[in-house]
Structures are given as C-alpha cells and as structure tokens.
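Student: I am attaching a structure below and will ask some questions about it afterwards.
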C-alpha cells in the first residue's frame, strides 16, 4: 500500500466549498429567528451619561433592546485575558474590566453599547439608529509610543501600563554589548494590522427554555475554549447546558480564536427573549471590532565582533494591546515574542523588555504568527544591518552565527531539538540564483529601476503549548489536544479532533494520518470538528499547532485502536496478542496465514453476543465497541525554520515597489500533504508581503480608525505577486512521534523582513512598514545618491 | 414592492421583492442560495460575484429589482448534473482554495475570464482577478487553477 503520509491528495472538503454548499454561520437560519444590530461607540473615549432607548423601542419590529445595565443585573461577567504576566518588579499585570456591553465608559470606536433585536435586520438597524446615547467625550490615548506619558484611561492603571515584562539577563547583555567591536542600533515600528479573514464574524444564540440548552453558532477557531470562557467567566450558561458550534469558518488567522462581546451578548440575549438571535458583522464592524495585530515600537541593539560574531542582543519594546486585554493579548507580546528575538542564531546574552500599554483603540491580540513575526522582524532587520556594517555577505554573516549543534539550549527559554540551518540557506541561495543577483541589479538599473535583495532566516516556536515548558517559565496554562477515533460496525471511521479547520484542510491531512495508521481507505474516514457536542474537549487551532499536537493525539488514539484490535484478533485467530502483527489494515497471526481485517475486527467488537454455535469474538474482560480517545500534551515546542529571499524593484520616479522574485525554503519536519503545506506557505507569504508593503491599521489623533474599509486598508491582490518559488528541507521534530513542526505561520513570520531588507537594500535608507509608494518616494528624495544608472 | 421575473440557475422564478433589496441578499435570503457570499460592504472583495446575463457582476452592489427579465447563474448553478465545471475541478486539483469563503466569487470571475479570453497569460489572469480578494492562498493556487482550466475548457 502506498503511504498516504507525504501524498499530494486533493482535499476532501473542497467539493462543498466549490459548489456553494459550505455551511458558514451566516448561512444558518433558524425557525423564529430574530436579527441583531449593535449600537457602537462613535467615540474613542467617553463617559456614557445616558442611554435613551424610548424612541428605538417604539420602532417597527423591535423585539428587545439590551444595554450594559441589563447585563450587570443578570450578573454576566466580562471577557478575560487568559495569561497573567508578572512585571519585573514582581507585581501582577493590571487589566481593566471588559464587559460585553459597556457599563459607564466606552474605550474605543466600535466598543459595544447596546444590542437592538428586531424581526428583520433592516428593522434592527433602523432602530439602532434611534438609540440616543449621550456621551461626555474625553481625550483619547492613541499613540503607542506616547501612551505611558498620557492621561491614564483607567483608574488604578498608572501610565496606562498593563505590565513591564523582562526576559533575560540585562547585566550579562550589557556586558556582551561592551565586549563587542560594534553596536548596531535600530528603532523599528511593527505596524498595526487588521487580520481580515474574508468571512466577517457572525454569531447566533439559540436557547431552548424547556431543556435549558443554549447553542451558540459562531465564527470561531476554538469552540471548546470559547464555551469554557463564556461559561466559567461570563456565566452565560453552565458548560453541560451550552453547545458551541463553529461550522465552516471562512478564515481566522488568529482573529477568531477568542470569544467576542457579540458572542456573549447574542447568547445571553437569546436566553432573555427565548428566541434565536442572529448577528452578522458588516465589514466595517469587523474592521472596528475584530482584534487587531502587531503594533510594536521597538528599540534594538546588537553587539558584534569585527569577525562577524554576535555578542549580545538587547530589545526594548512598547506593545500596544488596545483598550482591553483580550484572551491571548498578554501572552502574545511576552512568551510568544521575547524568547524568539534570538532567531536561529547562537547568541549567549540577551534581554527583552516589553511594556504593554492600553490605548483607546481596538484590542490587539494574536494575528498569524503572534509575537514571532515581531521578533523575527527585529532580529532579521538588525542582523542585515550588522552584516552591512561589518562588510560581510548576508549569507556568510548568518551562517557564521547559526546554531549548528542540536539540541541547543538558547540563553532565554527554548531548547531547540533539531534543525539544519545551513541546509535551507544553501538551497534558497541556489533556487533564488543568488550568485547572479548583481547582474539582475544591473539589468533593472538599465530600465531605471532600483533592485534590492533581502534575506530572512527565521525560526518559530510552534505546537503550542507543552504544559511542562510553559509552566516552568511561569506562563500559566499549557495547551494539549484531544482526539477520538470511533469505528462504526461497518468498518468506516469517524475521527473527532479538538482542533478546528478554517482553511487548513484538516479533513484531508488528518484522514491521511488515520488512513496510514489503520489501513482504512481515505474515503471511509470522516474528520469531525467544530462542535462541542460531538468530540471531546479540545484547544482549537492557532499557533501552527494542529498537526504537531492535534495530529499526534490522533496518531496516539490510532495506536490504542491497534492495541485493542490485537487482543480481539488474537482471540479470534486463536493466538496470543503478542503474536499478532498489524500491517496495512490487517491483523496477522505470526507464522500462519491466519488474519483478520480491521473492518472484521470492528464488526466483531460491536457484535459480541453468543448465539448457537457462534461464540463471542471478544476475549474475556474486553469491552465491546471500538473507540479510543487520546489527549496529547507535547514534551516541547517544535521549531520550524527556513530561509526566505526576496528581490524587489523600486520605481524611483513613483516610489512604487514590486516584488520581482520570492524564494522560500522551509524545514517543517515531516510533511503529511505537500500540496496543503505549500498553500499555507504561499498564503502566509502573501500576508507578510501585505504587512511589508501595503497594510496599515491607522487611527487618527481622536481615535477614529481611518482604515475601516477595503478602500482604505490595502489588501494584497493577485496582481501584487510574482510566482513564488518554494523548496523544502527536513529535520523531523523529536518532540512528537510524527516529526511534524508546523507550517501555518511561517510565511507571515519570514516575509516582512525579507521584503523590507530588499526595499531598504534598493533604496539605501531605512523605510518603515508598510513601504508604500509615498514613503519610498520620500526616502529616495532624502537619499538621492541611490540612483539607477539609466 | 416590485414583482420580478427572472431565471436563476436555469429555473424560472417570480418573486415580489422590496425595491431596495440587493441581489446578494435576494439570492441568499429569498432563494436560500447561500453559496454567494458577502465579504465587504464596498464592492471591493468579490466574494459575491455571480453571472448576470453571462457577465460577472458583484451582486452586493446590484439591485435585485434591476434584474427583472434577466438570467442569473450562481456558484450552485455551475455544476452540470452533479459534475463540477472544469474551473471547479481545476481549483480542487491546484489547491485554489483554503477556507472557501472567497471561492464562489473567485470561480465565477475566473469562468467569465475564460469566456472573454480563452487563453490568458499569467499577467492577464492576475489583472482580471484583481477585483477578488483571497486572504488564504496568496493567489498562487488560484492562478494555477485558471491556467489549468484554460487548457481544458
């Protein structure tokens, strides 16, 4: 039998998406359904004097209008930050309450003030316009860098400081810097991004007063955790009476990990009115109220010897976390960021200080890469500048500093189990035809274009999160994953996973694992996810964790199936379990021609009774049924790494930058489905190029989001890209039996510095992200020495 | 209110509708054809593309009332007796989709491209699809799919 693992199989899920038969939350309509519209704050910071709903209540079709006061009366709790961060002075982080509907203040444009429920959507929207809210407007705090010097937004949170986190040894780092021959310094901005999954968020609450069962359909990457948070902290409904369904979800990229205010409110509202309540975001609402990403202001210093050896790295970051601390908001700029500043280099001293600040902007949380793109950007930018300063080739400088022996304990947190960094660098140099770059530069120059090349050799920590490792560094909770393999009596298989697929193709990849492990044809395997009533509790999909953690749980459950199957087969074949070999779907008794297929075993497991001559196929003491569950908590993170090389051409008259060539060589360990993995890399790179050249979430001084539509927020489009060339190397992970490392975020992590290093190489002076035509044109004006030859 | 008569996916339909209802809402809410998606409010993302009298249009900025006496094809109407259109097949084969949300609009746009230009080069494909945003694929698989379909249609 040909191995399914490693095969480019077409996806099982595609047909329903291609024929318009997907089932997204907005496609669901329930009997007796009502429609909701949210009244949102038009101000970035204000006190609510009064909410007058008298006119709105009389508007046609209105069923109910609820405000924060109603929420408080029902003792519905606020949304939470999932990880507690301790500041360097030993004090706990400070977070303001985050009620799903505002109590007496609003803290960003789009903050939730009231829900208006009506018979039709049009009626709900019309009535929402009639809700009269009187505000006392206050001066908004918007700027990341200035937040600590601005008026405190919340009482008791001085300087708007959530925490002041330090990782590493400052003394040793200063010593390392003092021993260097040169200290390179950079001030960097990691621009605010708006994730923009193509499916706008949506939620439907559906309460059955007789059974007291509450169902929430929602666009979510993480239905079990959403149920847990809304149950345990918001007290929407007890877990056993609460079902969360995340059906087909149209992309997430981090922005759909968390339960949102709208989820809590529609679920609660449906209990109050005893009818289903449906809300679907308009794109402008998504821009205002989805969690944003990145938004760091960073100062970085790197010490190097004249021979190119790095001696120390010092990082100081201000991270904007917006108006409230969202679920992953505190872990993203700390444990997912600070340990990764070292990149894949052997650096013996480093420190990273992160001051997280509140501002009157949308909450900032995990967006594809979450912390790791920010870390990779700073190290890859400064390493590039260091190589230039020392006068070394970019590839040689990197090679000199690469970690070469594994396992490698980094000076901050991570113990990197495997890798071969020169291998992917060499391969990328070859595919990108690095040796002829200067020829291409001259060719571009003849056309009047400035050509630049940029390197990004990156590492990420994926497979979040091994409990033992995260607990040892004080990061609170780890994140394991669950799986259940359920054979039906007729031999086909339902696989339940606690992870969630919203584009990643789990229905195919996971079926490939099960097909290989159990010898069942792939068309007889169905992967089920996204419904808390179906599979066991799981942790969801983010952080490139689904295969390394969720896939391993599936493999472990398969092992348990085989173990039980051997006992049953031994009994049926009149041998001993230790004499049964399982291969390609068959249990074979050693040194005999006696065998049973796994289908026959499954059938036997479900029909254990005795009748006449027929004896039970089950040995004494073995339970009927063939169903096994596994929970897998990894022993370590996994560490994908790679080299991305970008070439751009800049038009010196207009400042327009075009990506001309992009090469990515990645080491993801074991790859199950190369087609899906390549798709993840292409998509990640597109988002990374978007961050580098086009995308920017911008608030004006009063806290109005000026990029709240696709006319103002520039999404990368098909004509922005050349063909991207990919290559792979492989050093399997040792932290999980599949050897998988994770691939979902690599492109978004590696691309921004690759592109920016290329732009800066072309322009000859620093440019901040996004490198828009205007910015590049201005930079060229300042640096006229950099002229094309023509 | 207006009564409109039109053909949707080959089927004759007569409905009384509000003058202000958009074609996308009409298809989704009145005909339960939820394959047509709405991804933005500004006619920018292209998830809602359908064919109106054979040409691709953004249904989120088309009034249903303007479609009287016209023929509409949505993603649901592209398959023929359960057999997917070559463009749908090509998207599957070339991994031209991930989350599937932009896919109906993307496929409908691509089908229209091949009607107007039987053998587009890569640049023409990328330029044509500029009005359809995909956040997942980086467009690489989509462009491959269109090339592949062009060789077969």
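The values are calculated or read from the model by the stated rules, or taken from the named source; none is laboratory data. Just so you know, these numbers come straight off a predicted model, no measurement behind them. Note that we place each Cβ from the backbone using ideal geometry, even for glycine, and neighbour counts take in every protein chain shown.
Student: Quickly run through segment A:707-735 and pick out the residues that are more than 14 Å from every other protein chain (Cβ to nearest Cβ) and in contact with a strand residue (DSSP E or B) (Cβ under 7 Å, 6 or more places away or on another chain).
Tutor: Selection gives A:727, A:728, A:729, A:730, A:731, A:732, A:733, A:735.
Student: If you go through segment A:299-315, how many residues are in a strand (DSSP E or B) and more than 30 Å from the chain's Cα centre (by Cα)?
Tutor: Of the residues in that region, 4 qualify.
This table checks each residue for (1) under 28 Å from residue A:328 (Cα atoms); (2) free of Cβ contacts under 8 Å to residues at least 60 places away in the same chain; (3) surrounded by 20 or more Cβ atoms within 10 Å (Cβ to Cβ); (4) not assigned by TED's automatic domain parsing to the domain that holds residue A:753.
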{"site": "A:385", "(1), (2), (3), (4)": "no, no, no, no"}
{"site": "A:393", "(1), (2), (3), (4)": "no, yes, no, no"}
{"site": "A:415", "(1), (2), (3), (4)": "yes, no, no, no"}
{"site": "A:420", "(1), (2), (3), (4)": "no, no, no, no"}
{"site": "A:424", "(1), (2), (3), (4)": "no, no, yes, no"}
{"site": "A:474", "(1), (2), (3), (4)": "yes, no, no, yes"}
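Student: In addition: Residue A:363: in the same structural domain as residue A:681 (by TED's automatic domain parsing) and under 30 Å from residue A:252 (Cα atoms), yes or no?
Tutor: In short, yes.
Student: Still on this structure: Determine if segment A:634-644 includes at least one residue that is touching a residue at least 40 places away in the same chain (Cβ under 8 Å) and under 30 Å from residue A:448 (Cα atoms). Can you show your working first?
Tutor: If we filter segment A:634-644 for residues that are touching a residue at least 40 places away in the same chain (Cβ under 8 Å), which is where we start, we get A:634-644.
Retained after the next criterion (residues that are under 30 Å from residue A:448 (Cα atoms)): A:643-644.
Looking for residues that are touching a residue at least 40 places away in the same chain (Cβ under 8 Å) and under 30 Å from residue A:448 (Cα atoms), one finds at least one in segment A:634-644, hence yes.
Student: In segment A:53-95, what residues are in a strand (DSSP E or B) and touching a helix residue (DSSP H, G or I) at 6+ places or on another chain (Cβ under 9 Å)?
Tutor: Passing the criteria: A:62, A:63, A:64, A:65, A:66.
Student: Which of the residues that make up segment A:196-224 are part of a strand (DSSP E or B) and under 14 Å from residue A:255 (Cα atoms)?
Tutor: Within segment A:196-224, A:202, A:218 qualify.
Student: Does segment B:70-89 hold any residues that are assigned to a helix (DSSP H, G or I) and within 21 Å of residue B:147 (Cβ to Cβ), and which are they? Quick ask: steps written out before the conclusion?
Tutor: So in segment B:70-89, the residues assigned to a helix (DSSP H, G or I) come out as B:75-77, B:86-89.
Of everything in segment B:70-89, those that are assigned to a helix (DSSP H, G or I) and within 21 Å of residue B:147 (Cβ to Cβ) turn out to be B:75, B:86, B:87, B:88, B:89.
Student: Hey, another quick one. I want to confirm something. Restricting to segment B:86-120 and keeping residues that are out of contact with any helix residue (DSSP H, G or I) (no Cβ under 7 Å at 6 or more places or on another chain) and closer than 20 Å to residue A:10 by Cβ, which single residue is surrounded by the fewest Cβ atoms within 10 Å (Cβ to Cβ)?
Tutor: Ranking the qualifying residues of segment B:86-120, first place goes to B:89.
Student: Need the failing condition index for residue A:691 against (1) crowded, with 20+ Cβ neighbours inside 10 Å; (2) away from chain B (no Cβ under 11 Å); (3) over 29 Å from residue A:298 (Cβ atoms); (4) in contact with a helix residue (DSSP H, G or I) (Cβ under 7 Å, 6 or more places away or on another chain), just the number.
Tutor: Only one criterion in (1) crowded, with 20+ Cβ neighbours inside 10 Å; (2) away from chain B (no Cβ under 11 Å); (3) over 29 Å from residue A:298 (Cβ atoms); (4) in contact with a helix residue (DSSP H, G or I) (Cβ under 7 Å, 6 or more places away or on another chain) is unmet by residue A:691, namely (3).
Student: What tally of residues in segment A:736-748 results from selecting those that are more than 14 Å from residue A:663 (Cα to Cα), surrounded by 24 or more Cβ atoms within 10 Å (Cβ to Cβ) and more than 11 Å from every other protein chain (Cβ to nearest Cβ)?
Tutor: So the answer is 6.
Student: Just checking, which of A:412, A:479 is at pLDDT 95 or above and within 26 Å of the chain's Cα centre (by Cα)?
Tutor: A:412
Student: While we're looking at this one, here's another question. For segment B:142-153, give me the residue count where each residue is without any contact (Cβ under 8 Å) to a residue 60 or more places away in the chain and part of a loop (DSSP other than H, G, I, E, B).
Tutor: Of the residues in that region, 1 qualify.
Student: Within segment A:639-665, track down each residue that is touching a helix residue (DSSP H, G or I) at 6+ places or on another chain (Cβ under 7 Å) and within 14 Å of another protein chain (Cβ to nearest Cβ).
Tutor: A:644, A:646, A:659, A:662, A:663, A:664
Student: Every residue in segment B:28-49 that is more than 10 Å from chain A (Cβ to nearest Cβ) and crowded, with 17+ Cβ neighbours inside 10 Å, please.
Tutor: B:31, B:48, B:49
Student: Looking at segment A:368-379, is at least one residue more than 26 Å from residue A:91 (Cα to Cα), in contact with a strand residue (DSSP E or B) (Cβ under 8 Å, 6 or more places away or on another chain) and part of a strand (DSSP E or B)?
Tutor: No, because not a single residue in segment A:368-379 is more than 26 Å from residue A:91 (Cα to Cα), in contact with a strand residue (DSSP E or B) (Cβ under 8 Å, 6 or more places away or on another chain) and part of a strand (DSSP E or B).
Student: Let me ask something additional. Filter segment B:112-141 down to the residues that are at the interface with another protein chain (Cβ under 7 Å from one of its Cβ atoms), part of a helix (DSSP H, G or I) and touching a residue at least 12 places away in the same chain (Cβ under 8 Å), then identify the one that is nearest to residue A:711 (Cα to Cα).
Tutor: Checked segment B:112-141; the qualifying residue nearest to residue A:711 (Cα to Cα) is B:129.
Student: Mind listing whichever residues of segment A:225-249 are within 14 Å of chain B (Cβ to nearest Cβ) and part of a loop (DSSP other than H, G, I, E, B)?
Tutor: Let us first name the residues in segment A:225-249 that are within 14 Å of chain B (Cβ to nearest Cβ), namely A:246-249.
Within segment A:225-249, A:246, A:247, A:249 qualify.
Student: Ok, one more. What number of residues in segment A:71-94 are closer than 20 Å to residue A:39 by Cα and without any contact (Cβ under 8 Å) to a residue 40 or more places away in the chain?
Tutor: Total satisfying the criteria: 2.
Student: Next question, about the same structure. Only one of A:228, A:193, A:188 is closer than 21 Å to residue A:322 by Cα, surrounded by fewer than 24 Cβ atoms within 10 Å (Cβ to Cβ) and at pLDDT 95 or above. Can you tell me which? It would help to see each step written out before you state the result.
Tutor: On the way: A:228 fails: closer than 21 Å to residue A:322 by Cα; A:193 fails: surrounded by fewer than 24 Cβ atoms within 10 Å (Cβ to Cβ).
Going through A:228, A:193, A:188 in turn, just one is closer than 21 Å to residue A:322 by Cα, surrounded by fewer than 24 Cβ atoms within 10 Å (Cβ to Cβ) and at pLDDT 95 or above: A:188.
Student: Being at pLDDT 95 or above and in a helix (DSSP H, G or I) narrows it down to one residue among A:152, A:127; which is it?
Tutor: A:127
Student: Applying the selection to segment B:90-111, what residues are facing another protein chain (nearest Cβ under 7 Å) and either outside any helix (DSSP H, G or I) or within 13 Å of the chain's Cα centre (by Cα) (or both)?
Tutor: B:95, B:97, B:98, B:99, B:100, B:101, B:102, B:103, B:104, B:107
Student: Also: For segment A:435-459, name all the residues that are buried (at least 20 other Cβ atoms within 10 Å of the Cβ) and not in a strand (DSSP E or B).
Tutor: Passing the criteria: A:441, A:444.
Student: Identify all residues within segment A:294-308 that are crowded, with 24+ Cβ neighbours inside 10 Å and closer than 14 Å to residue A:400 by Cα; write none if there are none.
Tutor: Within segment A:294-308, just A:304 meets the criteria.
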